[in-house]
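Below you'll find the structure, written out as C-alpha cells, and then a few comments.
The values are calculated or read from the model by the stated rules, or taken from the named source; none is laboratory data. What you are looking at is a predicted structure, and each value in this text was computed from that prediction instead of being measured. Neighbour counts are summed over all protein chains in view; Cβ atoms, including those assigned to glycine, are modelled from backbone coordinates with ideal geometry.
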Amino acid sequence: MNHFRQLDGIRFLAVGMVLFDHWMVGRVDGLPLGALGVTIFFVLSGFLITRILLSSKDKLSNQPQGGLGKYLKTFYIRRTLRIFPIYYITLFVLYLINEPPVRRTIGWLALYGTNIYIASHQTWMGTVDHLWSLAVEEQVYLIFPLLLFFIPRRFIPITAMLMIVGSVALRYVLYRLRLPWFIEYVSTPTCLDSFGLGALMAYGWLYRRDWLVRIFTPSIGVWLSVLVFAAVVYLNNWISIDSPRGYHNVVSEVWERLFASLIGFFLIGHAIIGFKGPMKWLLEHPISQYMGRISYGLYLFHNFVFNAFHTQPTHFTLRAWRRLSDLMPFLNSSYFFSFSFYLSLTIILATLSWYLIEKPINDLKDRYAY
C-alpha cells in the first residue's frame, strides 16, 4: 500500500490542535481546536482503514469464501501490533503508580470501553478522559471489516452516506432528549459521520480516481470548509450567550462535528493529491513528519503529563516544574515556558515510546502484508 507522505503532516496538525486545546484551558475559550483535531483523526482513520480493507478484499476475492479468514486475520494482527502494546504498557505503568482513575476503571480501560463508561455513568474520568477517542476507533475496527467485506462495492457510497446522515440525526435525537452533551460527543454511533466521509474518500481513491482528483485538486474546498467551520463556531458562541444550555446548544452538539469532518475531508483529500506551496512545505517539513510519526504517543501521554482540570499539585510534572522555576524565576513570567515544559516532556516520552517499543513491534507488521 502506497504511503501518503503529507498525511503524517496532517497527523501533526491534528495532534497539535489537541495538545494546544487541552493545555490552554482558560486562555483560549470558544475555539474547539481539540474537538477539531480528534475529528480529523476520525476522518483519516475512516479513509485509511477503508482503503486497506477494500484493497485486501479485492486481492483475496478469488480465494474460498472470498478470503474472509485471511482478510480478518491480517487486519487484526496488524492493528494489534500497532495499537495495543504501548496502550497496555501505559495502563500497566499508571496502575502501578496508582493513578486514581486507572485504578478505579481498569476493566473499562483494558476493554476499550472508556466512552461507554463516560456515557453510561454520565461522568468524565479525569486524566484518562482522552482515551474515549481511542475506544471509538477500536469499536469502529470491530464493525468496519465485516461491514465492508459483505457489502457489495456498488453499495459502499450509499452506506457511507447513511452513516453520515444517521450520525447527525442521532446527535439531534440525543440533543432533544436533553441528555448531558458529552454522551453524544463520545458515543461511537454519533461519530460515524467522520468515518463515513473517510470511507467515501477511500472509495473514490480506489474506484473513482478521476472523480476524486476533480474534487480535491483545487484547494478551494479546504479554505471554504475552514471558513464555514469558523462561521459555525462563531454562530455557536453567539447563540450560547442567550441559550439556556450555554455553549452546548444545538449548533455545537449536532452540527459542529459534521463541519469539522468536512475540514478533515477536504484537508486529507487534498493531501493525498499533494499540497503545493507553503502547505507542502509545512506538511513535509522534517519536524512535521517526525511529530506525525510519533503522534499516537503524543496523544496517549499528553493528558498524563498535564491536564488543566485534573492534574493535582503533587503530580510529578508540577513538582518538577516548581523546582525548575524556583531555580530560574523568570520562567514564571509567561505561560509559554510551562507550556513548552509540558510539550518537551510529552515529546520525550513519545520519542522513547516510538524507538523502544512502537517501532520495533510495528516492524513486525511486514510479516503480515496485505
Failed condition for K70, given (1) farther than 21 Å from S133 by Cα; (2) touching a Ser or Thr at 6+ places or on another chain (Cβ under 9 Å); (3) surrounded by 19 or more Cβ atoms within 10 Å (Cβ to Cβ): (3)
Of the residues in segment 246-260, those that are surrounded by fewer than 22 Cβ atoms within 10 Å (Cβ to Cβ), in a helix (DSSP H, G or I) and of a type in the set (G, A, S) number 0
W23: passes all of (1) surrounded by 14 or more Cβ atoms within 10 Å (Cβ to Cβ); (2) under 22 Å from V140 (Cα atoms) but (2)
Would you pick out the residues in segment 299-354 that are of a type in the set (A, V, I, L, M, F, W, C), at pLDDT below 90 and under 21 Å from L36 (Cβ atoms)? A308, F309
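Here is a list: F195, F155, F229. Which entry is farther than 29 Å from A119 by Cβ, modelled with pLDDT of 95 or more and assigned to a helix (DSSP H, G or I)? If you could, list the steps in order and put the result at the bottom.
Working: F195 fails: farther than 29 Å from A119 by Cβ; F229 fails: farther than 29 Å from A119 by Cβ.
Residue meeting the stated conditions: F155.
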Hey, among the residues in segment 322-370 that are among the polar types (S, T, N, Q) and either in contact (Cβ under 8 Å) with a residue 60 or more places away in the chain or outside any helix (DSSP H, G or I) (or both), which one's farthest from F84 (Cα to Cα)? S334
List every residue pair whose Cβ atoms lie under 8 Å apart, where the two residues are 6 or more positions apart in sequence or sit on different chains, the first residue falls within segment 221-232 and is without any contact (Cβ under 8 Å) to a residue 60 or more places away in the chain and farther than 11 Å from F265 by Cα, and the second residue, located anywhere, is surrounded by 13 or more Cβ atoms within 10 Å (Cβ to Cβ) and acidic (D, E). V232/E256
Scope segment 147-161; condition free of Cβ contacts under 8 Å to residues at least 24 places away in the same chain and not aromatic (F, W, Y); matching residues: L147, I151, P152, R154, I158
Members of segment 19-50 found to be under 23 Å from Y342 (Cα atoms) and among the small types (G, A, S), listed by number: G26, G30, G34, A35, G37
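Here is a yes/no grid of residues against (1) aliphatic (A, V, I, L, M); (2) in contact with a Leu (Cβ under 7 Å, 6 or more places away or on another chain):
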site: F12; (1), (2): no, no
site: L31; (1), (2): yes, no
site: N62; (1), (2): no, no
site: L72; (1), (2): yes, no
site: F75; (1), (2): no, yes
site: G107; (1), (2): no, no
site: T114; (1), (2): no, yes
site: Q122; (1), (2): no, no
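Would you check if W205 is within 15 Å of L36 (Cα to Cα) and either touching a residue at least 12 places away in the same chain (Cβ under 8 Å) or surrounded by 15 or more Cβ atoms within 10 Å (Cβ to Cβ) (or both)?
Working: within 15 Å of L36 (Cα to Cα): no; either touching a residue at least 12 places away in the same chain (Cβ under 8 Å) or surrounded by 15 or more Cβ atoms within 10 Å (Cβ to Cβ) (or both): yes.
So W205 fails the test.
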Is it fair to say L44 is at pLDDT 95 or above and either within 14 Å of the chain's Cα centre (by Cα) or more than 24 Å from S225 (Cβ to Cβ) (or both)? yes
Residue ID - surrounded by the most Cβ atoms within 10 Å (Cβ to Cβ), chosen from residues in segment 166-178 that are aliphatic (A, V, I, L, M) and touching a residue at least 12 places away in the same chain (Cβ under 8 Å): L174
Filter result for V102 (surrounded by fewer than 20 Cβ atoms within 10 Å (Cβ to Cβ), in contact (Cβ under 8 Å) with a residue 24 or more places away in the chain and out of contact with any Gly (no Cβ under 8 Å at 6 or more places or on another chain)): no
Total residues in segment 35-67, condition under 15 Å from L206 (Cβ atoms), surrounded by fewer than 18 Cβ atoms within 10 Å (Cβ to Cβ) and polar (S, T, N, Q): 2
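Could you check segment 1-54 and list, in sequence order, the residues that are assigned to a loop (DSSP other than H, G, I, E, B) and hydrophobic (A, V, I, L, M, F, W, C)?
Filtering segment 1-54 for residues assigned to a loop (DSSP other than H, G, I, E, B) gives 1-4, 24-32.
Listed by number, the residues that qualify are M1, F4, M24, V25, V28, L31.
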Do you know which residues across segment 105-135 are within 21 Å of L192 (Cβ to Cβ), over 18 Å from the mean Cα position of the chain (by Cα) and without any contact (Cβ under 8 Å) to a residue 60 or more places away in the chain? L111, Y117, S120
